[in-house]
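Data first, discussion second: the structure below is written as structure tokens.
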Amino acid sequence: MKILLTGASGLLGSAFARSAKRRGHQVIGIHHQNPAPSSDLAQTRTLDLTDLNALEALTLEHFPDAIVNCAAISEPSACEAKPTHSRLVNVALPEKLALLARHLFATLIHISSEQVFDGTAHIYHRDSPPSPPNEYARQKLDSELRVHELAAEFATTLRLPLLIGNSPTGTRSLHERLFASWAAGQPTPLFTDEYRQPCLADNAADAMVELCERNDLKGVYSWAGQKTLSRYEIGQRILKHFGLPETLIQAAQRGDDPRFAHRQARLSFDLAPLASKLKTQPQGLSDQLDALIVPKPYRPWYHSQ
Ligand SMILES: NC(=O)c1ccc[n+]([C@@H]2O[C@H](COP(=O)([O-])OP(=O)(O)OC[C@H]3O[C@@H](n4cnc5c(N)ncnc54)[C@H](OP(=O)(O)O)[C@@H]3O)[C@@H](O)[C@H]2O)c1
């Protein structure tokens with residue numbers, strides 16, 4: 001299958017390229033400011049995806065069987081700071097991809113976020129009403145609505161949780177950010193009252209490849225890991241995996257700092273609607289941690305410990 005992939009240089013996009021290659025697919029990967037892992041891609045193309053005309057030309061040049069959208073401005077603070085620009089990537093881009101998928105009769109896999117929920121429910125189900133609490137989440141929800149308005153019969157949206165994994169730059173995922181602050185000499189506060197259901201990017205990518213290969217799973221689904229844990233517990237498990245001292249992470253509460261008081265308390269998901277239909281299954285945290293390596297930029301610091 002020929003697949004056009006946006007965000008090929010990112011945490012999830014690079015994992016998708018690996019997984020799709022293993023399954024024998026031919027992936028054309030679009031990146032922008034960072035390099036994409038060319039060994040997993042049939043072709044790499046550099047493109048600013050806010051240029052929708054250039055995107056259309058590239059897509060029509062390749063006539064893909066599937067389009068996978070992993071490009072995003074995924075940092076909530078960047079969306080708050082520059083809502084107009086981030087909307088171009090987070091909403092206008094998926095809208096355009098939906099139109100292109102419909103035109104080509106191609107499958108579209110679009111990526112959204114757990115953040116569309118406000119974190120007040122004990123568990124979110126497929127039909128739970130979203131209630132986006134910040135600009136990033138509003139953009140993600142708007143993208144879902146537009147994609148499924150424009151290309152309902154071609155599109156699957158996956159709402160993903162906190163992702164862990166090894167990114168190409170070694171700077172984007174949870175453990176990579178923790179290493180950055182530890183290497184800078186900053187023990188990190190993590191919340192004991194903020195619960196997430198993390199997922200390894202490679203596991204989400206395997207599910208996405210299956211969704212490209214299937215034609216019967218359109219609509220919006222959540223995907224995550226098996227277990228919901230506090231950020232503090234997740235951080236401690238990461239320390240243990242790398243044999244680092246517990247003191248590098250301090251227990252904190254969201255209310256300790258007014259900047260974080262608004263963050264969602266608990267984002268936990270019923271995965272059965274998709275897990276019951278896929279071969280790929282949600283992973284426990286131990287299996288996810290087994291895949292993590294010391295990020296390249298922080299190896300000198302790690303080996304000096
Ligand atoms: N990471 C998480 O914990 C998490 C959680 C839930 C949902 N998600 C969602 O998962 C998806 C993938 O996230 P990620 O963590 O892989 O993000 P990421 O590592 O930050 O990657 C973002 C990708 O988007 C590309 N991009 C951004 N602006 C672009 C532009 N103007 N033109 C072309 N490419 C552009 C980047 O390209 P360059 O780097 O080459 O510029 C990069 O490849 C996103 O939809 C995100 O919202 C992520």
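Among the residues of segment 225-284, how many are assigned to a strand (DSSP E or B), open to solvent by less than 60 Å² (accessible area, probe 1.4 Å) and in contact (Cβ under 8 Å) with a residue 60 or more places away in the chain? Let's see the steps before the verdict.
First pass over segment 225-284, keeping only residues assigned to a strand (DSSP E or B): 229-230, 249-252, 266, 269.
Those left that are additionally open to solvent by less than 60 Å² (accessible area, probe 1.4 Å): 229-230, 249, 252, 266, 269.
Then keep just the ones that are in contact (Cβ under 8 Å) with a residue 60 or more places away in the chain; that gives 249, 252, 266, 269.
Qualifying residue count, segment 225-284: 4.
Being acidic (Asp, Glu) and either within 16 Å of the ligand (Cβ to nearest atom) or crowded, with 16+ Cβ neighbours inside 10 Å (or both) is true for just one of 61, 56. Which residue is that? It would help to see each step written out before you state the result.
Numbers: 61 fails: either within 16 Å of the ligand (Cβ to nearest atom) or crowded, with 16+ Cβ neighbours inside 10 Å (or both).
Going through 61, 56 in turn, just one is acidic (Asp, Glu) and either within 16 Å of the ligand (Cβ to nearest atom) or crowded, with 16+ Cβ neighbours inside 10 Å (or both): 56.
Among the residues that make up segment 13-31, is at least one of them more than 9 Å from the ligand (Cβ to nearest atom), in contact with a Ser or Thr (Cβ under 8 Å, 6 or more places away or on another chain) and part of a helix (DSSP H, G or I)?
Checking segment 13-31: not a single residue is more than 9 Å from the ligand (Cβ to nearest atom), in contact with a Ser or Thr (Cβ under 8 Å, 6 or more places away or on another chain) and part of a helix (DSSP H, G or I).
Picking from 114, 194, 176, 144, which residue would you name as being open to solvent by less than 20 Å² (accessible area, probe 1.4 Å) and within 13 Å of the chain's Cα centre (by Cα)? Break it down stepwise before answering.
Numbers: 194 fails: within 13 Å of the chain's Cα centre (by Cα); 176 fails: within 13 Å of the chain's Cα centre (by Cα); 144 fails: within 13 Å of the chain's Cα centre (by Cα).
Checking each option against the conditions leaves just 114.
When you check residue 67 against the structure, is it within 9 Å of the ligand (Cβ to nearest atom) and of a type in the set (Val, Ile, Thr), yes or no?
Details: within 9 Å of the ligand (Cβ to nearest atom): no; of a type in the set (Val, Ile, Thr): yes.
For residue 67, the condition - within 9 Å of the ligand (Cβ to nearest atom) and of a type in the set (Val, Ile, Thr) - is not met.
The values are calculated or read from the model by the stated rules, or taken from the named source; none is laboratory data. Worth saying up front: this structure is predicted, and the values here are computed from it rather than measured. Note: ideal-geometry Cβ built from the backbone for every residue, glycine included; neighbour counts use all protein chains shown. Ligands, DNA and RNA are stripped out before the accessible areas are found, and what is left, the full protein with its side chains, is counted by its heavy atoms. Shrake-Rupley method; radii C 1.70, N 1.55, O 1.52, S 1.80 Å.
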